[in-house]
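Below: the structure, in structure tokens.
The values are calculated or read from the model by the stated rules, or taken from the named source; none is laboratory data. The shown structure was predicted, so the numbers you read here are calculated from the model rather than taken from an experiment. Note that each Cβ is placed from the backbone with ideal geometry, even for glycine, and that neighbours are counted across all protein chains shown. Quick note on the areas: whole protein, heavy atoms, side chains included, nothing else; ligands and nucleic acids left out. Shrake-Rupley method; radii C 1.70, N 1.55, O 1.52, S 1.80 Å.
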Amino acid sequence: MRDHPEVPAAAEDPDSAARAALARAREAARAKGLGTARRKPRRRDDGVYLPAATESARDPAPLGDTVNNLARQLGWKQPLSIGGVIGRWREVVGDQIADHCIPETFEEGVLVVRTDSTAWATQIRLLTPQLDRRLAEEVGEGVVTSIKVLGPGGPSWSKGPRRVQGGRGPRDTYG
């Protein structure tokens, strides 16, 4: 059986010839004073998109950047993030808690949640520190200042054909 001579390392890598040609072309462009890299879009410190110099100032900016800029200018950043958390409540708190607890309102840093039983209200009150941490991860530190947990609502005594006008509620019913 015939032994094959050693194959050079350059022949083993099929891309090496292409890389070498690209390196020679870049070097020739640098020698002529031409730029060799494409310009990337820039962003300011506040995240707003700035078009590259080769683009026209009339070119449209990405929609997401425009909406984020508008929300920041109008002071909607925190309400939008809270709305996102309430909309994704099940993903944020998990299936088990979401099955028994729903967010009702968020006003002035207070998140009000309602549970479907008094046992779950107690459980959620015990889990409040973990919920605080999870919400701080989602919306930022200090946005949710407190969580108010409500139990299930009682039956309404203000309806029905035998309701006493001006009565004092259930106290009048059970003499």
* Per residue convex hull volume, Cα atoms of region 80-133, in Å³ -> 80 Å³
* To the nearest 10 square angstrom, how much accessible area does Trp89 have with a 1.4 angstrom probe? -> 20 Å²
* Asked: Using a simple spin-label model with points 7 Å from Cα along the Cα→Cβ vector, what separation in nm is obtained for Leu126 and Thr66?
  -> 5.2 nm
